[in-house]
Each structure stands twice: as C-alpha cells, then as structure tokens.
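Quick notes on the structure that follows.
The values are calculated or read from the model by the stated rules, or taken from the named source; none is laboratory data. As the structure is a prediction and not an experimental result, all values here were calculated from the model. Here the Cβ positions follow ideal geometry from the backbone for every residue, glycine too, while neighbour counts run over all protein chains shown.
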Amino acid sequence: MAGPVDGWRERARRFVATSVEPIADAIDRDDAMPASLRAAVADAGFLGVGLPPARGGGGGTTQDVAAVLEEFATSSAAVATLISVHLSVVAAPIAEHGTAAQHDRYLRPLAEGRALGAFALTEPGSGSDAGALTTRYAPDGDGFRLDGAKMFITNAGVADTILLFATRDPALGHRGISAFLVPRTAPGYSVARQLEKLGLRGSETTEITLDHVHLGPDARLGPEGAGLGIALGALAGGRVGIAACALGVARGAYEEMVRNARAEPTDWKRRCVAQSFTELAAAGALVASAAAAKDAGAPFVEAGSAAKLFASTVAVRIAQRGFEVGGRPAADAGSRAGRLLRDARVFPIVEGTTEIQELILGRSLVGPPMG
C-alpha cells in the first residue's frame, strides 16, 4: 500500500504531467506564469500540503512537501519555487509563531489556497548578512509604520500576504528586527520593478518599496525583536524544500541527458550518465534524510544545510553535463537542456548561498570562531 509520501507524490506527478509539463517551456519563454496555473495549483491543494488540517491545510509531512516540490521542479522550477516559498518560509512560520487570530486571518487563507505568500528579507544593501537590513518600523497610532525597500522577493507582486522583516533601529543589530504580516493591498506597498533573470523566468521576482505603510497592532508576528530568529528558523526549514527543488531540476536534467545519450550513445555520454546517476542518488538520500529528521522532531539544521549544499551543487553539475550531452540542439533558444541549466544556477544562491551553508555546517561540526 502506498504511504502518504507516495500519495502526495503521485498526485503531484499526475498534476504536473497534465497541467505543467505541456506549458513549461512557454512559462520560461514568456517570462510569466499564467494566473490560471496558479489558480489550478491552489485548487488542487498544493498550497496546503504539510499544513495542519485544523487551519485549512491538507496535512502531510515535510517528506510530503519535499516529494511534491521535487515532482514540480522536474518539469518547472518556477512553479516549484512559488510553492516552496509559500509553504516553507511564509505559511510554516505563521503556523509556528502566529496567534489564533493571525491563524484565522492569514494562515487559513494561505493553507486553503485562497491566498499566496511571499517572504521579504533581502534588501538592495543586505543579503546573507540579514542582520544588516535597514527597512524601518516605528509605532504609528495603535499600530506600526514601515518604510524601506526589499529586493529579489519571490511572489511579491501577486502574493496576498508578505512576511516582511524590519528594524526599529539599525544600531540595535539583530535585537531590533521584528517580523510583520503585510497585505499586498496596504497603501504605500508597491512593486518598484519586475526583475529580469537568467533562469526561473516564470517565477516572479521583484523589488518592492514601502512608503509609510501603516499596519494594525495585530500585524507583528511573534515578540518584538524576535524577527531575525523567526527568519532564520524559516530559512532553516525552507532549505529542505529548496533542496528538494534542486533535486527535481537535477532529476529533470538527468532524464533529458539519458534521452539524448540513447539517441547517439558514446562512452563519454555513458560516463556522464553514470556520474549523474550516482550524484542524483546521493542528493536524493540527503534530502530524504533531512526531511525525515525534521518530521521526527530531531535536530535537522546540519542535515538541511548539507542537503541544500549538495543538491544545489549537483543540480548545476548534472544540468551542465546534460547541456553538453545534448550537443548543438541544446544551444538553441528554448531548448529544455538550456532551460534546466539556467534554472539550476539559482539554487546555489537562494535561501542561503553555498558559502553560507559551508559556514553553517563548519561552525556546527567544528565549533564557532575563537572569541
């Protein structure tokens, strides 16, 4: 009998085959994801996987989420990334840190697929050093006022709820940062520009500005000053999802490589396939181990960082080999091998760069720096 992971995976596989695969190249070519596809993803329940049924979610585990993201990313990393951000770094931290009222107002619509989430931490002047952000918040009547800008924000132009981080005073460092739930319709919230990217072209990525955005007293998520901890906790969990997305891209590139190699087999192509098969299996094992550790309530930061580090590295390697095995047709505009290579390049960067994962793992395994 199929277990719950197989159930979610099979649902995702069927949906991808009928609703995503036929338009995956068009999503990339048009630099846009059709609103009808976002609605279909929501209607099929994929925006609620892993979220509690009591709050409108579809239930399931981290392993279910990883299975779903891998299946989507095998066909379209853009769609997988939309789902991953919504689930892992928006809905999950609201479920963990939100009040009952915030669960009703924000989490339930997200879990039921009636709303989409975005995560706004990165700024034009701060990325990996999240504690250096400068977007400000201040008391404003009975609520808060936000001013500043955010950069490279996935879903921000179409999301209904943005989990956004701001500081009361940059001089306070991480102690001054709080988390806020910002409706996209809030006056003063705007998309400054859509960013053109090398890969993930169908995933909307934006720069946003906040100009005297007023929020009510219930808009802060968690205690004052707890924002950076909430952000880092969300990213730690999100790395498992992003690793699954990278694994899906690697699998898609591997499958494309095998098709091309069989059409005109050579020993060099066979070696490329063999190397990629081995790396793909290892990456899959790391992702599965990290997801299982999180589900078991065991420490998973090391496993998540290792999975994200290796799966993102392997995605680029396999996609590069697949591009080379594809030969001249792979260099044509709109080729599947070219799209997979372009998409793979994002994963060593997002939700903690390769260098950040190495630092996290190194400090965990060896100890923090002296002093």
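Tabulated data
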{"quantity": "Candidate set from region 151-198 (those that are of a type in the set (Lys, Arg) and more than 21 Å from the chain's Cα centre (by Cα)); member that is modelled with the highest pLDDT", "calculated": "Arg168"}
{"quantity": "Scope region 120-153; condition out of contact with any His (no Cβ under 9 Å at 6 or more places or on another chain), in contact (Cβ under 8 Å) with a residue 40 or more places away in the chain, farther than 15 Å from Leu181 by Cβ and part of a strand (DSSP E or B); matching residues", "calculated": "Gly148, Ala149, Met151, Phe152"}
{"quantity": "Scope region 288-314; condition closer than 23 Å to Leu200 by Cβ and in contact with a Pro (Cβ under 8 Å, 6 or more places away or on another chain); matching residues", "calculated": "Ser312, Thr313"}
{"quantity": "Among residues of region 26-35, those that are touching a residue at least 12 places away in the same chain (Cβ under 8 Å), part of a loop (DSSP other than H, G, I, E, B) and either within 27 Å of Arg105 (Cα to Cα) or of a type in the set (A, V, I, L, M) (or both), counted", "calculated": "2"}
{"quantity": "Test set (1) more than 17 Å from Glu123 (Cα to Cα); (2) out of contact with any helix residue (DSSP H, G or I) (no Cβ under 9 Å at 6 or more places or on another chain); (3) crowded, with 17+ Cβ neighbours inside 10 Å - Ala159 fails condition number", "calculated": "(2)"}
{"quantity": "Only listed residue being surrounded by fewer than 19 Cβ atoms within 10 Å (Cβ to Cβ), touching a helix residue (DSSP H, G or I) at 6+ places or on another chain (Cβ under 7 Å), more than 23 Å from Leu340 (Cβ to Cβ) and not assigned by TED's automatic domain parsing to the domain that holds Leu280, chosen from Gly48, Gly98, Gly59", "calculated": "Gly59"}
{"quantity": "Hits in region 271-281 - residues which are surrounded by 13 or more Cβ atoms within 10 Å (Cβ to Cβ) and more than 15 Å from Gln320 (Cβ to Cβ)", "calculated": "Phe277"}
{"quantity": "Residue check for Thr313: modelled with pLDDT of 95 or more and either over 17 Å from the mean Cα position of the chain (by Cα) or buried (at least 21 other Cβ atoms within 10 Å of the Cβ) (or both)", "calculated": "no"}
{"quantity": "Tally of residues being part of a helix (DSSP H, G or I) and touching a residue at least 40 places away in the same chain (Cβ under 8 Å) across region 36-61", "calculated": "6"}
{"quantity": "Any hit, region 11-25, residues being more than 23 Å from Ala231 (Cα to Cα), in contact with a Cys (Cβ under 7 Å, 6 or more places away or on another chain), in a helix (DSSP H, G or I) and at pLDDT 95 or above", "calculated": "no"}
{"quantity": "Matching strands (runs of 3 or more DSSP E) fully within region 165-259 where at least 1 residues are crowded, with 16+ Cβ neighbours inside 10 Å and of a type in the set (Asp, Glu)", "calculated": "205-215"}
